[in-house]
Structures are given as C-alpha cells and as structure tokens.
Protein chains: 4
Amino acid sequence: MPGNIYGERFVVVSFGESHGKGVGTVVDGVPAGLALSESDIQPDLDLRRPGQSIVTTQRKEGDVVEIMSGVFNGRTTGAPVMMMIRNLDVDSRSYEAMVNTPRPSHADLTHKTKYGGFNDYRGSGRASARVTAGFVMAGALAKKLLKETLGIEIIAYTLELGGLRADGFTVDDARKNRYSNDVRSPDPELAERMKQMVIKCRGEGDSLGGIVECVALNLPVGLGEPVFNSLDSDLAQMALSIPAVKGVEFGSGFASAKLKGSENNDQYYVDKKGRITAETNNSGGIIGGVSSGMPLVYRLAFKPPASIAKKQKTVDLSKKKQVEMVVPGRHDPVVVPRAVPIVECCTAIVLADHAIRAGFISPVLGGKST
Amino acid sequence: MPGNIYGERFVVVSFGESHGKGVGTVVDGVPAGLALSESDIQPDLDLRRPGQSIVTTQRKEGDVVEIMSGVFNGRTTGAPVMMMIRNLDVDSRSYEAMVNTPRPSHADLTHKTKYGGFNDYRGSGRASARVTAGFVMAGALAKKLLKETLGIEIIAYTLELGGLRADGFTVDDARKNRYSNDVRSPDPELAERMKQMVIKCRGEGDSLGGIVECVALNLPVGLGEPVFNSLDSDLAQMALSIPAVKGVEFGSGFASAKLKGSENNDQYYVDKKGRITAETNNSGGIIGGVSSGMPLVYRLAFKPPASIAKKQKTVDLSKKKQVEMVVPGRHDPVVVPRAVPIVECCTAIVLADHAIRAGFISPVLGGKST
Amino acid sequence: MPGNIYGERFVVVSFGESHGKGVGTVVDGVPAGLALSESDIQPDLDLRRPGQSIVTTQRKEGDVVEIMSGVFNGRTTGAPVMMMIRNLDVDSRSYEAMVNTPRPSHADLTHKTKYGGFNDYRGSGRASARVTAGFVMAGALAKKLLKETLGIEIIAYTLELGGLRADGFTVDDARKNRYSNDVRSPDPELAERMKQMVIKCRGEGDSLGGIVECVALNLPVGLGEPVFNSLDSDLAQMALSIPAVKGVEFGSGFASAKLKGSENNDQYYVDKKGRITAETNNSGGIIGGVSSGMPLVYRLAFKPPASIAKKQKTVDLSKKKQVEMVVPGRHDPVVVPRAVPIVECCTAIVLADHAIRAGFISPVLGGKST
Amino acid sequence: MPGNIYGERFVVVSFGESHGKGVGTVVDGVPAGLALSESDIQPDLDLRRPGQSIVTTQRKEGDVVEIMSGVFNGRTTGAPVMMMIRNLDVDSRSYEAMVNTPRPSHADLTHKTKYGGFNDYRGSGRASARVTAGFVMAGALAKKLLKETLGIEIIAYTLELGGLRADGFTVDDARKNRYSNDVRSPDPELAERMKQMVIKCRGEGDSLGGIVECVALNLPVGLGEPVFNSLDSDLAQMALSIPAVKGVEFGSGFASAKLKGSENNDQYYVDKKGRITAETNNSGGIIGGVSSGMPLVYRLAFKPPASIAKKQKTVDLSKKKQVEMVVPGRHDPVVVPRAVPIVECCTAIVLADHAIRAGFISPVLGGKST
C-alpha cells in the first residue's frame, strides 16, 4: 500500500489536502448493521475543529461531515463508508512566498524533495494537521462500533502541557472534565494555568509541546498479534502518523528502563468478582503484544508546533544562502488540546481493526433473518 | 496479514518457536544481484546469540544459519530468501510446571487466553526473544543491501542501563566501542560499571531495564510516506514488535514536550559543501514522516525482563487462587545488550523496505546484460 | 483488506452505490508530476455512460467527474486522487417490490444473506455495474500514466456478441473502429448485424452475452511476478471483479487445451530490428507470469445480463414458496458494449500497478529541481 | 507484497526452487486447535509427486514433508506453520547448455530479463511446477481445516485431455474414480484411452494440454467480497498462479457468452428440505462475487507443457541469431493429471482464506477453557 491506507480488516483510507477542495476518508470493512448518521461523527469533528478557542488556530471551518456511501436506511451496509468535509476558509496567499524558504522543522523541504516539487504546499498540504479530520471521521465511527459491540470506552486527555503535568486525578475526573475546558485537562484548576501559559506563549510568538495520555477501558483479552502486529506496535504506528508526535510509550514506558523486574512486574490476584487481575498495570494493558484485560494506557509526546511568529533562520533555495524568515499564516500555539479527540479516534481505529481481526466483532451486527 | 509478516516491498515473514525445531524467516522482495552467503548473516546472529557472556542467559545455542532458497551462484535471485537456525539446547522441563501459574508480566496468560490454550508455551513459544533471531537474519541481509546500494550505516548501542546513562560520546565512539564490551556501550569505562551492576542484580535474582539508541547515517531525503507509513510510524511499529520494548521516541522525543518551538525547531543553513543542513537535529532525521537527510536518531525503552528469580505472586488457574512462585529456567538479567544488534537489524528492515518503496534501490542490482 | 481495495503500488479504492449519492474512487500511489484534469477522465466515463444508445439501459446520467484531491497546478502531487460522480437519475421505486423476491442470477439473495439484510439493494447497490464507473475513473488515470511514461496502448473491443464473432480484423481496425459503432466492434459491417440482434433480443425481453478481447501494446519485458502476482493472475482477478464476467483466457487460452506443445509453443527469431521476437503469440504476451514484450492478448466472457423482461421463477422469501416475477427497472440488454471501455480501464489499472512495482515508472515523473 | 505471498487471513508464503535445497511454505493465520501432523499433508504431496507413472516426469523425489513450526502437542497453535520438502534427485547438468538458448514458451527469457540474469534457471527455478509442492502443503492443511469446520469437500478431476472430454459422469463418479487411474479421470474407461494418448504423444516427443474441472461442495452462502475480492476473482488469481494455466471459467463460463439471459439464468425454487435452491447452476455457485450455497464449479485450461523433445527454433542470445534446439531434461508429457491435486489444494487455500475472512471459521477451534 502506498501510505495513505491503514489497517487490515477495518481499513481507513485518507485523502485530501489542507487548502484543496476538502478532506475525507473511506472506511472499508465496517460491519453491516451499525446505526450511523452524520450526527454520530460531527461531535468528534467539532472537538478537533479549528477556531474554537484562544488556544487554537483562528482558521474558521464549519467542518460539516457528509456521509456519501455505505449507509442505507440509517445503518451501515457492509460497503465502504465515504465521508468528507469541504474546505471553506482557505487563505493560501502566504504560502507562495515560502516556496523557496522552507520553514524550519516543517515538512516543506522533505516533501518538496520527495515529490520533485509537485506537492501541494499550500497550508502544508498533506502534512497539515487538517488531514487528521479524516482520522476523526473514521475514528468516530470506530468508537461507536466499539462502544455498541464491546462496551469499550476511550478517554484521552492532556497529561502535560508546557511542562505543567496533571497529577492525582482519576479516570472519572478525566471522563468528566476533559472536554469542559479549552486545554482538555482532567483537572479544571490546572487547565486554567495551562491556558494562561498558552496565551502568554502565543503572545511571545512561540509555541508549546505536551503529552496526551489515552486510556481505553473494557478491552477483552486477546486483541493484538504476538509478533509484528502486536497491539502496541499498531497503536505506535498510528500514533506516529499523527503530525507532531515524537514519541509513544505504554504503561510504565520509558520509566520502566530505570526499574527492576521486581518493581515493574504486574503480579496477579483474584479480584472480588473472581477475575484474574494484576495488582499494578505497568504493562499498560498489553502483555506479549496482546491486550490483557487491564486498562490500555499509553502516552504520546507532541513537540511544540513548528510554526512560530519569531524570527528564524532558513535557506533561500533559489539563492542557496541562509536568510531570516517569520512564518506567516494562522497556526496553533499548541496542538495538544486539539490532539486529544484525534488520539481517541486514532486509538479507536486500531482497536476496531484488531477487534474484527480477532473475531470479537462479527461482519454483521444483530442481523435480520433472510 | 495475520501478524507474522512485516513490510510492503521488503517483506519479512517470521516463523518458529523457542523450544520447537527452529526459528527462521522468509524474506520476499530482495532485489536480485546482491552477493549473499551465510557469512553475511552469521556475525549479527553471533552478536545476539545467548550464552555469550555473564550478562546474558546461559542457554547455549550455536545458531548456525542456513540459507535455504533465493541465492544462486552466490547472489540473490529476486526469489524469496528463506533462512533458519535449529534449536539445540532446549530444556522444556520447567514449563510444564507453569502451565497453571502464569508468570507475572509474561505473555503466558494473554497468549493462553487468545489461543484457547493451544499455544506452545515452552520457553514462551512465539513470545520468546528467540523469535528475534529471525529478525536478525532478515535484518543482516537488509543491512548489507543498504550498505552496498546507498552506503547507509546503522549503529545502535546501550544508551542507558539500570539508570546509568552514557553521555559525552560521539557516533565514532559508538561505532568503535559498542561491540567491544559485553553491555554494548559506546563508553568502555561506563560499560564496566554497567556490567558490575548487572552481575550484582543477577545475584539478587532481579533484572534491569535500559534504553537503546539507534543512529542511521547517509539516508537519502525521501524515505517514508507522509501519512500512515511515515518513516517514524513504521520504525515505531517495528520497535514495539521487539519483546520488552515499552516506548520509542525520535530526536528530542518526550523531551520536546517541555520545549518551546523556538527551542525545538531545527533551523537551516548551507554547509561548507553547499548542502542544506539543519543546525540541530531535534527532529531525529525525520520531518513530516520523511527522512530529512540528517542522521536518523531514535531510542527504544526496554523494560526489565519479567523472568526473575525472586518470589512473586500469581494465580493458580486451576484453583483460581493466588499463590507464590519463583520463575524457573535460564533467563537474561537484562535484554538490552542482546537487543542492540536486534535493533540495528530491525532498523535495517524498515529502511530497506522504504528505500525500495521510494525507488532508491532497484529490483535488480548491477544487472547482467541479457 | 476487506474487498474494495485493489493493487499494491497503484491502489484503487472503490466506493459508492447505484442508487446512493454517488460513485467514486480514491487512487493511492499515483506518481507525482502527471498532468491531470477532469478532461482526462471524462471521455472514458462518457464511453461507459448509460443511456447512450439503443443497445444500453435508458437510465440517463451525466456522470460528470470531479477530482477532489491529489492534483495541484494541473499535475498530480503524489497524494491520493479522489474522484467521484453523483447519481442523478435514480428511480428506486421498483426495488422495494423485489425485497422478498430475489431476481434469478442476480446478487439479491447472496448479498442479502451475507449482509444480514442490511445491504443497499436499490439498483443492486454495490453489485451494480454502476460501481464500475469508479474503475473507469481510476483506469483512465492509469491509461494516461502508462501512455505518457511507457507508450503503452490498450485496445479492447467486442470480439463476440450473441454468437456473432469478429474475424479477419487487425489491431489497427480495432483501434480505428471500435468506438465508431454502438457495439464496439472492430468490424463496422458486423457491428450493424450485432446491433440488429440486440434490438431484436431487447424486443423479446431477453438479453445477450458476448466476449471482449483486450490487447495491450508496447509492454516492456518484466511486468508481473513469477508466482502469486503473475501478470495473468492479477489481470484475471481484476477481470472477474467486473460484473457479469464468467471466464478469462490468455493467448490461445482454452483452445490450448486441445493443442500439442509443438503446435502451441511460440518459437523465437530475431526480427529486422534485431529484437528477439516470437513467431506466434499463443502465450498472449505473458510467459512464466511475466510480460514477454509481445502484445498482451486476453479475452473476457460476459454472461447475458440477468435482468430480463421475461417471466421467471423465483421464491417469495416471506412465504417460502415459488412465485413468478418479471424484473422491473431499466437495464442493459447486453453489457458487452459498455464493458469495452471498462475492460480497457481495468487492464490499465493492473498494468500501472505492475509497472510501478517493477520499477518501470518512478515515483516522480520528470521532476523539478529542488 | 512482492509476489510470493497469497491471501488475507489464511496467508500462504511460497519459497524454494526446483534445483535448490528444497521447496516449502509458511502458512500464517491458521486457526489454533486443528489436529495436524505430517500424515495430513503427505497424501496430497504423494498425489502430485513426480515419477509416479508413465504419464509424468521420471524425476524421482520422495517429497517427504516436515512440519517445522506452528504445531504443538499434535495441534496447530495459531502461530505460522512452516513446512518443507528437500530436493534430492537434482540433475542440473542440462541447464547450463541452455543459458543462452531460451526454450520456447518457457519462462527462460522473461525471467532472465526481469532478474538481470541472476535468476536460478536450473530446472526452471521459481517457474518450475515443483514450486506447487508448497501450494499442496498449504492446501492440504486448508482442506483439512475446511472439512473439519464446515464439512467442505473439494473434488477436482481431468475433464479433458488431448481433446478427449469426459461426459455423463457424476460428482460421485469423480470422487470415487479420479485417484484410481493415472490420468485422474472420473471415467475409468476414458482414463485408459487418455493414458494411451499420452503414451503415444510422449513417444512422438510431444506434449498435450487439457482441462481440469473443480467442484466444491457444502460451501456456506457468503464467501467472497462483492467487488475486488469476489470469490471468483480470488479463485481466478490463484488459478493463473498455477504454471501452464491459460484460462479459467466459472459455471457456464465461455459458453454463457452464446446464451440468452432466459437460458442462462438460474431460477429459484424451494427444495424438499425447505431450502431455497436454483434449478440450474450456470452461475457455478457464485453470484455477485459471493458463494450461493450451490456447488462451486470452475474449470482451468492447461496448455501443453512447453518442454518437448522435438526440434524447435530459438535464438542464441550470445550470437543474436536463430538456432535449433531440442529441450533436454526430464519432463511431463502432460501436466493435467499432476495438476488435479494441485487444483484441489489451491481451491482450498482460497476457500479457507474467505471462510476466515467472512467469520465462518473462528481463530480458535474448539478451545480449551482458560
């Protein structure tokens, strides 16, 4: 596959550019019989939509999704589901000026080289975070599928932003609070401090990084393959497909490198309901590549957005000499808040794919008699 | 694909179990015309072989590779290359005792559940690190292919072990020193301290984690696809397929989450040879999913091995009650040293796949006239 | 992959239903730099469009293609190309009546069973020949790519219709005549007789089958893989994906079963230009799964359309008893003429995929300097 | 995938060459819990083994299969099953003489060109029918899987050989008789005439073609995808991967091109057991790409083997001039009898893949309690 298609049984095709006609997805492998309409998709799209608050880019897009195929009488048919949004608030003027001055740490130069200069560089084209709108459409579908068939719930939130890190919160806090504040924090008080930090940073023409943590509850034991398509492998692959992600870790993650086996191992006991459970979850819910039944817990590190208003050095390609530039256009001072629903949706895509692969979701839901 | 096949154009099939007849690989997509014999594969296998030193398991295996297909007159033919080693020093006695007492943080319970109890649990079966011998065979082939066609060099080493972290070394140090000491450190002095720490830990019946860093030099610009098969996506997927890896990060990685854009961005200049270069490499050699021409730099976090000699709690599955156990068998007190050649080989597999995908390596090398 | 995605390097995603909002395709893997606009796609769509002549269905569709992504400044960018047409002349009234009476030799019953009754049965849904409009969009792109890079030309035509078979014509005749008559015959005189036969058959409420032959010229030696993805394997797979195709044969095909080796073998000589050529082409341009440089020649057998106006027997599913029915709706009395451009386009898809796989077309065409 | 890997969920990897060390397969995606040993595989291998009778090549091979992985305690584990045979009776002397004189209608010239002369040409290398031994190993496993889970039975036989065609026989005749005669005919009397024809033809230094028909019984409704991976598409792809196959047709096949819809349609009725059944089976058991529950019926046309003892014309590549040659070596005067078990096995591979895809076979058979 050339690189815009993800998955084995729940397959997500991505298309569209930031400043083209629109952005969308085709999802192949959706089981038949799932109740589905635009109203199942739109809320997640709204959560990632630009221009929502002071902590995001000021580009205004309605991002109204249209389902073009694969649904009949309000239910999925088993055929590919195509969904798309149109681009409306496109302002490409500033990009012509940058054709010869690649923005530092942006894909401008690598993509120009890879595609021989034919790439659509307006608004970063395929490298734009706008492409993730397609991930969200597919992921919103996946979330509904997982919820209705297996009761799986996926909760992501801003764990860290600009060095401020949430602590002492529960999953319930996260479930309740994350979408009630602009920065998607599980902790409303911390959220306000994070927001002020973003405002200050934006004022300085700079940007901030952060960490998104994602928890998935009610996974059955057995999602993931032991070797190349382990559940963590595939989640990591998807995670690094989200723009600006520079790292991913599961359970105790990088911290486990400093632990001893006796500290890191998750020892078993029988819980009150008679289930075999682990006393800790340093494994992050995945052992030997396969979901353990404990909550899936993983974290994604987002770098600060490369587009900043400060003066930076680049090279004028036409003159082959270093020049100074200030990146024009409208940008996010931090991507983490908008990334939270994206991470939930991307997680759902991977879980849906593995749930179908492992036979936990059948090709026809419910099913009418013939 | 069911989960034991990796790649698009340089495809690695994994087969074999820890205590079965052997372990091997089929590599499909190898360009024709590469000089290849067992002597190209054996050195890497020797580097990962168990029983080499005091810091590894005492299982003794010759691990002598045999190339079974795809090579004729000393060169690859374009047909699948099958390679395998036999298992010789198999001692499965201890595993029967553990059938009903899954080892903490081992795949025993997840795989037993997933496969309905039919999995080969001896020596952890498919979950064993022994399966990585197949990765090494395929990767040694990939390394040679990359070296001969593009001059790519891959250097991994132990960055951190048991909390001790190498610092102030160069890639040249790593190239020269890593395989001259038992722990695969770029720093011989630190290596000795790490070794003593492993010996002490083994004596306590415990195990240690660590971090492997991998650098790849001379990559052309343009490896990797912008969206789902970005170079970092695919390297991350492969990384998490190595047993015991719990995290992966590229360039500034998790540290970038605490940086500002003005600190993290890699600004461009024209170097003395007229090449456009970045002043820093926080991107780790990948921007927008595509190799930038700067060195690829990424790190893998390895948890401490789950098999320890200390008493641990688990559940007796037949009685559904908690019991104490001591894991028997021969194990590595730390996997990091043996993981170093594995990481190099796995990196080579991913790079070879992308180099072929992007057209940097042609289906026939050199080529005789017809 | 779930079944609506074709190819390895030139990948065609199909979506849409006969009576839904529209039909389209996403093509991933298109090399960057190909000049492309709707005017490159529309002519082939016009050739397969319904309602063109007396020999086709009377459904009237404009079938005006819109390219939604992957093209910038008039050239492909290397990103996925999404193309679609809207459905306008939809009349679904007749299909409700048939929900419980599956049409003989139609997909009604098999798809209803497979999808638990959730499938979109209007106009046959995904089983409709309308889905092939997406194949044509992708194939028109592939044809242009093949023509511009390798000079490949693809010529399909009606070899046989209703038992009347063309004979004594040349490829030049086919090139010149096939789209000048309603039945797509290389022979204008025969075309008229075929047309009268179709008119007569339509008048009788019946339908006709036929054979399409396809020739591709200027193929390089080396397209196709020796074993599972042989060029004939992949062409056959694609051929059987076209609705109503019941057989495919290459070169001497089924006739070769009655020949001796001494009669069927294609013996070599050196032609006037010094090229090694075969005296005959019973191989149909493919030997050992790989293109030989001789013209590719293959034939597809199309059954007569299952939708006929004659009274037929079926089963009322709600009553589980046999009933008589007359299939309502607007249908083609023969699909062969409309299949001719479809076969050309489908052939182009397979050849483009293999040309990229084998390295004959590079990821960037021409290429601007960076 | 590069071309030696088939399938989506039941995946067959092919490796090995005619005159290399051996030939084999890795099957990934085999459900756990299937009782399996070499004795399940060997009978099918014996049926295709060379040197069995006067109608086949005189190369003598034991073809004793060894299962190397994926089986534990007599049952499949869910891990990849690697199986192989060694080549013993290799006589490569004659092939050196042919390096510069490609055999007519053999892969010699196309493969030499494709692989730049690096291909293993001994015994035709990867183009040899010996490669199908790997298909048979994988297919024998698939046959057992289909039989035990769904009761599917696959029966292939020689329908036509050298122009002699079986007629007036039943599936029961075929089941009973096909492996009781050397030519694999359902009709013992015809078998003798076919055998005499082969003997005569061999004596003349020539070869014969033929047609294999394959029937599969007890398929559930719903195998196959509606568009690109229709059941007929995938069967056709596999069929054309068998050496010497030049055509494939389903049900009424090419004959349907001459029929009217009213003649070709399969009309429904309710049978005595209350099942909806078709009065005829011109569809060959597949409608709209999906199995209908009627018997699968398809036919494969085999050309006469290209290796004949008669003098033929070829080109001396070193001198670029036409020369005469007589193909040396040991060859089959007709491949059809040995192809019969191959066709059964290849059919089983495709059906197993689709049965798993469609959820008819679960990842764990039976299953022990955890």
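The values are calculated or read from the model by the stated rules, or taken from the named source; none is laboratory data. Quantities reported herein were computed from a predicted structural model and do not represent experimental measurements. Don't worry about glycine lacking a Cβ; one is built from the backbone with ideal geometry, like all the others, and counts go over all protein chains shown. Accessible surface areas use protein heavy atoms only, side chains included; no ligands, DNA or RNA. Shrake-Rupley method; radii C 1.70, N 1.55, O 1.52, S 1.80 Å.
Past 25 Å, Cα to Cα, is the threshold; run A:Lys319/B:Lys273; A:Lys21/C:Lys144; A:Lys258/B:Lys260 against it and keep the listed order. Result: A:Lys258/B:Lys260 exceed 25 Å. Residues of the range D:278-299 that bury at least 50 Å² of accessible area once all protein chains are present, compared with their chain alone (1.4 Å probe, heavy atoms only, ligands and nucleic acids left out), are D:Ile287. Across the range C:5-357, Cα pairs under 8 Å and at least six residues apart give a relative contact order of 23 percent. Each peptide among C:80-86, C:194-200, A:100-106 gets the average number of other Cβ atoms lying within 10 Å of its residues, and from highest to lowest they stand as C:80-86, A:100-106, C:194-200. Dividing the alpha-carbon radius of gyration of the protein assembly as shown by the rule-of-thumb value 2.2 N^0.38 Å gives 0.89. Distance between the C-alpha centres of the range B:278-326 and the range D:191-206: 65 Å, rounded to the whole angstrom.
What the Cα convex hull of the range D:4-98 gives, in volume per residue, is 115 Å³. Dipole magnitude for chain B: computed about the Cα centre from +1 point charges on Lys and Arg Cβ and -1 point charges on Asp and Glu Cβ, it is near 940 debye. Label-to-label distances for D:Glu263 across copies, nearest first, come out at 2.6, 8.2, 8.3 nm, using points 7 Å from Cα in the beta-carbon direction. Among the chymotrypsin sites (Phe, Trp or Tyr not before Pro) within the range A:1-85, not one is in coil by DSSP while having at most 10 neighbouring Cβ atoms inside 10 Å. Within the listed set B:Leu145, B:Leu351, B:Leu259, the Gaussian network model of chain B (springs between alpha-carbon atoms below 10 Å) gives the highest mean-square fluctuation for B:Leu259. Contact order, relative form, for the range A:53-139: 21 percent (alpha carbon pairs under 8 Å, 6 or more residues apart, mean separation divided by residue count). Short-range pairs are left out: with C-alpha atoms under 8 Å and at least six residues apart, the relative contact order of the range C:230-367 is 22 percent.
Annotation: amide H of C:Leu296 within the under-5 Å range of C:Ala216, C:Leu219, sequence separation 5 or more or interchain, hydrogens built in the peptide plane. In terms of distances greater than 21 angstrom between alpha carbons, the cross-link table entries C:Lys114/C:Lys320; A:Lys200/A:Lys310; D:Lys143/D:Lys303 yield D:Lys143/D:Lys303. On a C-alpha basis, how far is the centre of the range B:1-60 from the centre of the range D:73-109 in Å? Whole number, if you could? Using only Cα atoms, the two centres lie 22 Å from each other.
Accessible surface for the range B:5-357, divided over its residues, is 29 Å² per residue with a 1.4 Å probe.
With label points defined 7 Å past Cα in the direction of Cβ, position C:Glu279 shows copy-to-copy spacings of 5.3, 7.5, 8.6 nm, given to one decimal and shortest first. Accessible-area rank, largest first, for C:Glu153, B:Glu38, A:Glu225: B:Glu38, C:Glu153, A:Glu225, with all protein chains present and a 1.4 angstrom probe. When chain A is treated as a Gaussian network with alpha carbon springs shorter than 10 Å, the biggest mean-square fluctuation among A:Gly251, A:Gly261, A:Gly222 belongs to A:Gly261.
Distance between the 7 Å Cα→Cβ label points at B:Lys320 and B:Glu279: 6.6 nm. With its label point put 7 Å out from Cα toward Cβ, A:Gly366 sits 3.7, 5.4, 6.5 nm from the same residue's point in the other copies, in order from shortest. The interface between chain D and chain B buries about 4500 Å² of solvent-accessible area in total (1.4 Å probe, ligands and nucleic acids excluded). For chain D, the convex hull drawn through the C-alpha positions has a volume of 155 cubic angstrom per residue.
Close amide H partners of C:Leu36, meaning residues 5 or more places away or on another chain with modelled amide H under 5 Å apart, are C:Arg75, C:Thr76. Taken residue by residue and averaged, Cβ atoms of other chains lying within 10 Å of the Cβ of B:14-26 number 6. Peptide A:307-313 is shielded by partner chain Cβ atoms: per residue, an average of 4 of them sit within 10 Å of its Cβ.
Sorting A:40-46, D:125-131, D:315-321, A:134-140 by average packing, meaning the other beta carbons within 10 Å per residue, from highest down gives A:134-140, D:125-131, A:40-46, D:315-321. Placing +1 on the Cβ of every Lys and Arg and -1 on the Cβ of every Asp and Glu, with nothing else charged, gives the range C:88-194 a dipole about its Cα centre of roughly 460 debye. When chain C is treated as a Gaussian network with alpha carbon springs shorter than 10 Å, the biggest mean-square fluctuation among C:Gly329, C:Gly274, C:Gly74 belongs to C:Gly274. Legend: mean number of C-beta atoms from other chains within 10 angstrom of residue C-beta atoms, peptide C:355-362, equals 3.
What a 1.4 Å probe finds exposed on the range D:5-357 is 50% carbon and sulfur by accessible area, rounded to a whole percent.
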